[in-house]
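Engineer: Would you mind keeping the following structure in view while I ask a few things?
The values are calculated or read from the model by the stated rules, or taken from the named source; none is laboratory data. Note that the structure is predicted; figures quoted are calculated from it, not measured. For neighbour counting, all protein chains shown are included, and Cβ atoms are generated from backbone atoms with ideal geometry for every residue, glycine included. Heads up: the accessible areas ignore ligands, DNA and RNA and are worked out on the full protein's heavy atoms, side chains in. Shrake-Rupley method; radii C 1.70, N 1.55, O 1.52, S 1.80 Å.
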Amino acid sequence: MAKEPEDKTQSDDNSANVIDMFTRKPLDEANLHQILRIAPELDGMEMLYSNDANPGKLFSMKILCWALMKDGTVDALIPWLNKVVPARELNDPLNGHWEGYFDKIHDHAFFDVPEHKVAELENAASYYPPIESDEAVIIQEIPDTIGTHAILTEDQFKTIVLVHVTSWRLFSDGRVLAMVADDKKVDNTPVLPGDECLFAAQDHEDFHYFFHYVIANKIKHGDPEALAAFTHLVEG
């Protein structure tokens with residue numbers, strides 16, 4: 001007997017069935033991964049990743065924070081090259097593929113977001129209603145706890161300036177921007193999140209990359225391997 005044709009009255013696009021967890025209305029595909037809330041990672045958890053240049057090896061990188069997306073999913077955020085990316089979306093053939101998460105305290109590798117972080121974000125999102133505004137406003141600002149540095153250069157990397165990231169601001173449009181201090185405007189030290197001297201690194205015309213503090217310090221001290229890796233990144 002011939003098989004009856006499948007009912008195609010419903011769209012095969014799963015995104016059409018994704019509902020905004022607050023408004024309960026269908027989400028546009030472009031807004032599925034808009035970030036609503038962030039929660040800093042304070043227990044030293046890391047992202048595990050691999051790259052094509054070192055087959056069979058795993059590398060780790062400290063997680064900046066966890067983020068709740070508009071479609072209800074949660075993932076870790078990582079400062080990567082010139083932007084902040086969800087860990088599971090990392091898919092750079094040369095520089096990295098997401099492989100999981102790692103908890104140093106329990107010496108445990110895992111693939112699912114920790115339940116306590118999901119609960120923290122969902123409870124916070126329920127407690128703080130979304131802000132309705134035509135302009136992007138600051139939703140949260142968290143301190144940088146992983147030693148992120150931004151590289152600024154105005155002469156095609158002939159000279160570079162490494163600037164420590166003080167904090168990260170989440171805006172109502174889902175952007176997460178790295179805040180760095182303008183030395184000419186510093187009135188009080190230490191510079192804390194929310195200080196008027198802070199500006200967004202990604203908005204600066206000379207901004208190019210983010211670096212973990214270990215690599216940033218090696219570059220500062222002229223480490224040959226770090227400089228070679230940096231040169232390769234710039235030339236690439």
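Engineer: Keeping every protein chain in place, order D144, D112 by accessible area at 1.4 Å, biggest value first, i.e. largest first.
Structural biologist: Order by accessible area, largest first: D112, D144.
Engineer: Can you tell me what percent of all Cα-Cα pairs in region 98-236 are more than 25 Å apart?
Structural biologist: The calculated P(r) of region 98-236 puts 44 percent of pairs beyond 25 Å.
Engineer: Still on this structure, I have one more. How would H108, H221, H204, H149 rank on accessible area, largest to smallest, probe 1.4 Å? List each step's numbers first, then the result.
Structural biologist: Numbers: H108 90, H221 160, H204 60, H149 15 Å².
So the residues, ranked largest to smallest area, are H221, H108, H204, H149.
Engineer: How high is the relative contact order of region 23-126? Use alpha-carbon pairs under 8 Å, at least six apart in sequence, and give a whole percent. Walk me through the intermediate numbers first.
Structural biologist: Details: 178 pairs, mean separation 29.6, N = 104.
Once normalised by length, the contact order is 29 percent.
Engineer: Starting from the Cα-Cα distance between V137 and K184, subtract it from 0.36 nm times their residue separation and give me the gain in nm to one decimal. Walk me through the numbers before you get to the answer.
Structural biologist: On the way: separation 47, 0.36 × 47 = 16.92 nm, distance 2.50 nm.
Result: 14.4 nm gained on full extension.
Engineer: Can you send over the solvent-accessible area of K220, 1.4 Å probe, protein chains only, in Å² to the nearest 10?
Structural biologist: Ignoring ligands and nucleic acids, K220 comes out at about 110 Å².
Engineer: Can you tell me the relative contact order of region 79-236? Whole percent, Cα pairs under 8 Å, sequence separation 6 or more. Don't jump to the answer; show the numbers that get you there.
Structural biologist: Working: 202 pairs, mean separation 34.7, N = 158.
Relative contact order for region 79-236 comes out at 22 percent.
Engineer: What's the ranking of 34-45, 118-129 by average number of surrounding C-beta atoms within 10 Å, highest first? Numbers along the way, then the final one.
Structural biologist: On the way: 34-45: 18.5, 118-129: 13.7.
The packing order, highest mean first, is 34-45, 118-129.
Engineer: Same structure again: Per-residue accessible area for D71 at 1.4 Å probe radius, Å² rounded to 10?
Structural biologist: Per-residue accessible area (D71): approximately 40 Å².
Engineer: With a 1.4 Å probe and every protein chain left in place, work out the accessible area per residue of region 57-129 in Å², rounded to a whole number. Intermediate results must be reported in sequence, preceding the final value.
Structural biologist: On the way: 3900 Å² over 73 residues.
Here the residues of region 57-129 average 53 Å² of exposed surface.
Engineer: Next question. For region 68-164, calculate the relative contact order in percent as a whole number, restricting contacts to Cα pairs under 8 Å that are 6 or more residues apart.
Structural biologist: On the way: 67 pairs, mean separation 14.1, N = 97.
In percent, rounded to a whole number, it is 15.
Engineer: Next up: Over region 16-168, how many pairs of lysines fall under 19 Å by alpha carbon, counting only those 8 or more apart in sequence or from different chains? Could you put the intermediate results ahead of the total?
Structural biologist: Working: K25/K70; K57/K104; K62/K83; K62/K104; K62/K117; K70/K117; K104/K117.
So the count works out to 7.
Engineer: Rounded to the nearest 10 Å², what accessible area does V137 show when all protein chains are kept and the probe is 1.4 Å?
Structural biologist: Number for this one is 50 Å².
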